[in-house]
1. Can you compute the helix-only [θ] at 222 nm over the chain? Use -39500 (n - 2.57) per DSSP H run of at least 4 residues, normalise by all residues, nearest 500 deg cm²/dmol.
2. May I ask you to sort TRP608, TRP291 by Cβ crowding, counting other Cβ atoms within 10 Å and putting the fewest first?
3. Suppose the chain between PHE581 and MET566 were pulled fully straight at 0.36 nm per residue; how much longer would it get relative to their current alpha carbon spacing?
4. If you take the beta carbon distance between LYS282 and GLU321 as r and set R0 to 35 Å, what does 1/(1 + (r/R0)^6) give as a FRET efficiency, to the nearest 0.05?
5. Would you mind calculating the gained length between ARG84 and GLU530 on full extension (0.36 nm times residue separation, minus the Cα-Cα distance), in nm to one decimal?
6. May I ask you to compute the full-extension gain from TYR237 to GLU347, defined as 0.36 nm times their residue separation minus their alpha-carbon distance, rounded to one decimal in nm?
7. Can you give the Rg/Rh ratio of the stretch 349-502, where Rg is from the C-alpha atoms and Rh is the Kirkwood radius?
8. Quick check on packing: order 134-147, 465-478 by the mean number of other C-beta atoms within 10 Å, highest mean leading.
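Just so it is clear, none of the values below were taken in a lab; they were calculated from the coordinates. Keep in mind the model is a prediction, meaning the values are calculated, not measured. Ideal geometry is used to build each Cβ from the backbone, glycine not excepted, and the neighbour counts take in all protein chains shown.
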Amino acid sequence: MLLDRIQGPEDVKRLSGEELLQLVEELRSEIIRVTARTGGHLASSLGAVELIVALHRVFHSPKDRVLFDVGHQAYAHKLLTGRRDRFETLRQEGGIAGFTKVSESPHDAITVGHASTSLANALGMALARDVRGEDHKIVVVIGDGALTGGMALAALNKIGELGKDMLIILNDNEMSISPNVGALNRYFRSLQVQRWLQDAEERGKRVLEKISPRLYELADRAKEAAKLLVHQENPFYAWRIRYVGPVDGHDLKGLIYLLDHLKDLKGPTLLHIVTKKGHGYKLAEEDPVKWHGVGPFDPKAPPKSGKGYTWSLAFGDALIELAEKDERIFAITPAMREGSGLTEYAERFPDRYVDVGIAEDVAVTTGAGLALAGMRPVVAIYSTFLQRAVDQVIHDVAIENLNVIFAIDRAGLVGADGPTHHGVFDLAILRAVPNLKILAPKDAAELRAMLKAALEVGGPVAIRYPRAKVAPVAPGTWPEIAWGTWEVLKEGSEVMILAFGKTLEYALSAAGEDPRVGVVNARFIKPLDEAMLERLVREGKKILTVEDHQLAGGFGSAVLEALEKMGLGAEVKRLGLPDRFTEQGKIESLHEKAGIGPEGIRRALAEWGLALAPTGRTA
């Protein structure tokens with residue numbers, strides 16, 4: 001295989017044109033083979049193979065800096081930059097990351113996992129390069145979905161003003177995870193139409209040149225007048241950014257030619273390439289949403305239908321039933337329709353659903369506007385992406401105590417996507433915000449109860465739940481829940497474990513049948529059930545808190561603060577994630593290493609002299 005000879009980008013430069021085409025096919029095959037075993041972002045990486053080969057043919061990484069926005073399209077980049085021998089470890093515990101990562105390779109210009117960050121990074125690098133008098137190139141690869149993000153657009157504005165030398169490659173595949181939305185996306189589609197007009201124009205010019213030089217001259221003048229008109233309507237032109245395209249992003253020879261001729265241009269240049277997500281793998285081409293991020297699969301067959309019933313689906317089903325009865329309910333997502341379980345909701349209630357694109361801040365403040373207009377918006381958002389809209393939660397929602405519900409999916413560790421995607425900071429951030437309530441259901445029935453209660457109580461409410469399967473409940477199931485209360489699941493004579501979410505399962509497993517150890521479903525993180533907490537402490541119970549969240553500032557900290565406020569002394573141990581970024585791996589394995597799985601809970605109990613066997617029986 002040619003790929004066996006590639007130790008770094010310089011080896012790509014030595015290949016012939018025919019060998020480059022062979023390399024493209026080998027890269028696709030290797031990406032499919034490994035992703036079938038490890039899971040990963042398949043469709044986006046397949047769509048960028050020709051582009052990445054062309055980039056490493058023309059530019060000189062790592063001297064030249066190549067920045068991948070989001071980074072989930074960079075599998076071919078990893079294979080060409082000395083990581084072929086480790087590619088089998090993709091997204092595995094102790095292996096290479098599923099995104100670009102500075103600490104992993106000098107060829108990875110930025111550590112990334114969230115969208116729309118590359119252009120601001122590139123601007124900073126260009127400023128540093130120029131003040132030092134250096135001459136390396138800076139290339140940004142950004143998708144059409146990421147380019148709709150406010151951070152990307154703001155960076156473009158400054159890049160155009162300063163006129164820094166860089167090449168921006170707009171990888172236009174009409175997709176982020178869900179299909180892209182918005183006016184800018186429609187504009188990209190219009191540019192693709194212009195490509196066909198441009199082809200027709202060139203054919204017409206050749207005919208005119210043969211018939212009459214005078215007619216050709218007139219046509220050429222008309223073209224220049226039309227170009228001026230198009231430029232006046234071109235947002236990149238308005239930003240003083242040179243625009244080239246759109247061109248076929250799977251034409252390797254054409255890409256190499258263009259990159260070679262664009263790399264030395266002064267000022268910022270944007271090359272618009274059109275690609276197909278999943279290109280070269282028919283199953284992924286036919287359903288790029290399903291194949292955006294996949295678990296292990298059979299390369300010769302579609303992935304198994306469904307992933308079981310998940311918290312996301314439980315949320316979506318509950319919201320549909322609520323929306324059928326309450327016309328004020330409105331669902332908002334930042335480009336995560338499928339992931340958040342809103343596909344059916346969007347079909348059923350198109351007038352009460354909006355996808356704002358990759359713009360989490362816009363999602364939250366749109367919710368604020370809906371609430372101010374008397375609607376009851378539900379912002380469905382992943383925990384890690386809510387981090388990008390903290391100011392909007394505080395400034396636009398919480399200050400006026402607006403009726404906005406935040407359905408926070410993927411709370412806690414999420415597994416193979418690693419530190420950029422673990423949802424482990426939301427409690428520390430949100431519980432400091434006045435007026436905001438935070439809840440965590442133990443099952444799908446309790447999720448339904450919390451959604452219904454949040455609508456009745458009003459004000460901003462955050463309901464967090466993990467990336468996991470959950471047992472389904474029958475439609476129409478609406479249990480009542482007493483606001484602000486915890487639930488004793490098992491009494492204990494000496495220790496009470498306060499847990500919620502995934503750690504509640506671990507606590508029950510660790511406690512087993514031992515009568516000394518009890519378990520509380522601490523489903524209200526804010527407000528805490530201070531009445532129950534006081535009762536447990538006055539009964540002389542030791543308190544063990546367990547959370548799938550950073551220990552600093554999390555639920556355990558809230559319990560200590562409440563005890564201090566009430567003037568109560570108690571023996572308290574807190575288990576949570578340590579003060580470092582948790583890498584990728586299987587969720588249960590990461591939990592055990594952090595000490596919050598069943599074994600970690602047993603070790604903590606043993607420190608109090610409560611030795612429990614693995615089944616939870618008294619040792």
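1. Values: 23 runs with 251 residues, N = 619.
Helix-only estimate at 222 nm: -12000 deg cm²/dmol.
2. Working: TRP608 15, TRP291 23.
Least crowded to most crowded, the residues run TRP608, TRP291.
3. Details: separation 15, 0.36 × 15 = 5.40 nm, distance 3.32 nm.
Here the segment from PHE581 to MET566 would lengthen by 2.1 nm.
4. Numbers: r = 38 Å, r/R0 = 1.08.
Taking R0 as 35 Å, the efficiency between LYS282 and GLU321 is 0.40.
5. Numbers: separation 446, 0.36 × 446 = 160.56 nm, distance 5.47 nm.
Using 0.36 nm per residue and subtracting the Cα-Cα distance, I get 155.1 nm.
6. Values: separation 110, 0.36 × 110 = 39.60 nm, distance 3.74 nm.
Taking TYR237 through GLU347 to full extension adds about 35.9 nm, to one decimal.
7. Values: Rg = 16.0 Å, Rh = 16.5 Å.
On the Cα set of the stretch 349-502, Rg over Rh gives 0.97.
8. Details: 134-147: 22.7, 465-478: 16.1.
For the peptides 134-147, 465-478, the packing ranking is 134-147, 465-478.
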